């Protein structure tokens, strides 16, 4: 003889299991998980999706969250220090500087004389062709200020921010 509570408990369990299974699409690997209590004015969640790391949704707008390794404050007099001052002067954040450091470390390791013989890209920002940087200064081949100035303008015009450029580089392996 069964207990009187067992059938309702079993029905509740089956209903719950059905709802859980039905809420996950078999065609999608992403499963939403709550990461924090939703703010009063909107909704926040992140996606666990190996094909789209860093994907997030906030206030009903889907965006990507780029993360780059922490860069810290650069040594004075270096190309990174020049870039840091320029990034801050543009009103960009420390996070944007960190994305820039990651991006240009990958591209040129911050060398003004870096040259890709296959593509012809040149300098710290790997301008293609390198002489595009002459629009900023005739010393584009040797001056980190000229190269960084041109590179930040390129990033701002094409991607908006260094983190957007870094995100593109992470997905496409070029920027």
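The values are calculated or read from the model by the stated rules, or taken from the named source; none is laboratory data. Note that the structure is a prediction, hence the values are computed from the model and not measured. Cβ sites come from the backbone with ideal geometry, for glycine too, and all protein chains shown count toward neighbours.
Structure summary
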item: Residue, surrounded by the most Cβ atoms within 10 Å (Cβ to Cβ), within the stretch 115-134, restricted to residues that are within 13 Å of residue 148 (Cα to Cα) and in contact with a strand residue (DSSP E or B) (Cβ under 7 Å, 6 or more places away or on another chain); result: 133
item: Of residues in the stretch 83-94 being crowded, with 19+ Cβ neighbours inside 10 Å and touching a residue at least 60 places away in the same chain (Cβ under 8 Å), the one farthest from the chain's Cα centre (by Cα); result: 83
item: So residue 104, is it surrounded by 19 or more Cβ atoms within 10 Å (Cβ to Cβ), in the same structural domain as residue 144 (by TED's automatic domain parsing) and in contact (Cβ under 8 Å) with a residue 60 or more places away in the chain; result: no
item: Residue in the stretch 66-74 that is touching a helix residue (DSSP H, G or I) at 6+ places or on another chain (Cβ under 8 Å) and surrounded by 20 or more Cβ atoms within 10 Å (Cβ to Cβ) present; result: yes
item: Qualifying residue in the stretch 160-170 (condition: within 21 Å of the chain's Cα centre (by Cα), closer than 17 Å to residue 84 by Cβ, surrounded by fewer than 21 Cβ atoms within 10 Å (Cβ to Cβ) and in contact (Cβ under 8 Å) with a residue 60 or more places away in the chain); result: yes
item: Flag if residue 167 is farther than 15 Å from residue 71 by Cβ and part of a loop (DSSP other than H, G, I, E, B); result: no
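Residues checked against (1) modelled with pLDDT of 95 or more; (2) under 22 Å from residue 174 (Cβ atoms); (3) outside any helix (DSSP H, G or I):
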| site | (1), (2), (3) |
| --- | --- |
| 53 | no, yes, yes |
| 73 | no, no, yes |
| 80 | yes, yes, no |
| 83 | yes, yes, no |
| 113 | yes, yes, yes |
| 125 | yes, yes, yes |
| 132 | yes, yes, no |
| 138 | yes, no, yes |
